[in-house]
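The values are calculated or read from the model by the stated rules, or taken from the named source; none is laboratory data. Given the structure is predicted, the values throughout are model-derived calculations rather than measurements. Backbone-built Cβ (ideal geometry, glycine too); neighbour counts: all protein chains shown. Surface areas here come from the heavy atoms of the whole protein model, side chains and all, with no ligands, DNA or RNA. Shrake-Rupley method; radii C 1.70, N 1.55, O 1.52, S 1.80 Å.
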There are 2 protein chains.
Amino acid sequence: MWTTRLLILGLVRWLQPVHGYDVLKELTSWNAEDWAKIKPGSVYHGLKKLTTDGCLEVVSTEQVDKRPARTSYRVTAKGETEFQQVLREKLWGIEPVVDPFFVAWSFAPVLGPREAAAMLRNRAALITAQMRQNLAWLDVADSGDPTAGSFIPGHVQEAMRLATDAMRLTVDWCERVAVRAENGELGFDDERGYSEETIEHWRRHIRTLPDPATLRSSLRRGVDEGE
Amino acid sequence: MWTTRLLILGLVRWLQPVHGYDVLKELTSWNAEDWAKIKPGSVYHGLKKLTTDGCLEVVSTEQVDKRPARTSYRVTAKGETEFQQVLREKLWGIEPVVDPFFVAWSFAPVLGPREAAAMLRNRAALITAQMRQNLAWLDVADSGDPTAGSFIPGHVQEAMRLATDAMRLTVDWCERVAVRAENGELGFDDERGYSEETIEHWRRHIRTLPDPATLRSSLRRGVDEGE
DNA sequence: CAAGCGATAGTCAACGTTGAATAAAAAGTA
DNA sequence: TACTTTTTATTCAACGTTGACTATCGCTTG
């Protein structure tokens, strides 16, 4: 994906000279593994690919003691051009967003009206919880004393605000559609309803919300003294 | 991605017995290449993988004349179990949505306040146009005479409605943030503004909206007689 | 009637992604 | 002090994705 490549190129450009692990740490502090689905293995591959493509160059390969060698990179002129080019191509264009939920939702009629409604209400609850975390996060970012600065750039805060509003929308949608499902207005096959126990069974197998502590740790960097 | 696998499994389950090309055609009629980012190559691979995993089985391999042989599939008991299992796992759980725009947006400060504002307004315009197409689409689905039926299932219509509302939200966000960017409230570096010409240059290189005809053809199946 | 084009039906090599493995130092803990 | 866990730093084989390719049939169009 271009997202992986742009993210790496942009981070090297910003932090240069850097080695892979530092890029990785920065990405982790951005929580990018979540919202950009980028994994460690891809970062190292990306750095090597960008290098063979002439967008990055190796600054040094230092070895301290017996630890693994660290290779440092910096962007070349070609890399800078590609960065500017791709950044604008992606910002000025539009691209459909894939919400994996709606892939599964295509087959929602299989659930039948009762389970579908229960599922949607469960979803509303989960998303509401996430939304609250976002709101708390934005609260901290807002009220962080402006001198020390809350290290969360304004444009990132705005992105978070949009995400939060989108969640609110989704929650309302879930509740509205749950009602429609129950009322048989979506044409779901009534025969296939599942018992309360089945639903409880599935509910138990669901991954819970990401640990609030995880989220907070990614925040720590900016608000350490805030507690 | 699990989306590819579930989509294929679900479609074979629904259309069985089917061969690859028919699954492909169905996916195309769903416009799935857009909203699920699934490509032909992946479909054939997916069918083979699901077969070696014991979720599908080959019904027949018929050869008509000298045309390429068509392999037909049907789901096994194991496949049915996996379908039910995965479907619920994904519907009852939540998973972060990746909006590639926000990957690029991370580097928005590079644009400077002027280009950022112009970019956001351009984005608002593009998304507004898409939104109008969605609204027109929903209009047709709504007013399609209920006897012949508009062949667009209620739950799909609802999904489209949410997507449309999310677009409205995004458009407002773009316009609001454009103003903030211009007012220097986002801390973008002022030095890096780009001239009108540069902006015009980039604008010219941007992919335009998907051809309305494409969208309409995916609709044809349901509303052929509507024109 | 030949040429061209789209639909039919699928294969495959090249590429990107990812989980797992490696391995040593530093930090925590009993 | 001895033990375990975490952090540092990266490699790699296995797997999934994708664009490009093959090849035939049927339909239109000049």
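Numerical summary
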read-out	value
Candidate set: region A:82-99, residues that are part of a helix (DSSP H, G or I) and among the hydrophobic types (A, V, I, L, M, F, W, C); chosen: the one most open to solvent (accessible area, probe 1.4 Å)	A:VAL86
Elements of type helices (runs of 4 or more DSSP H) contained in region A:1-70, each with 3 or more residues being open to solvent by less than 10 Å² (accessible area, probe 1.4 Å) and either within 9 Å of DNA strand C (Cβ to nearest atom) or at pLDDT 95 or above (or both)	A:2-15, A:40-52
Hits in region A:100-128 (condition: outside any helix (DSSP H, G or I) and of a type in the set (A, V, I, L, M, F, W, C))	A:PHE107
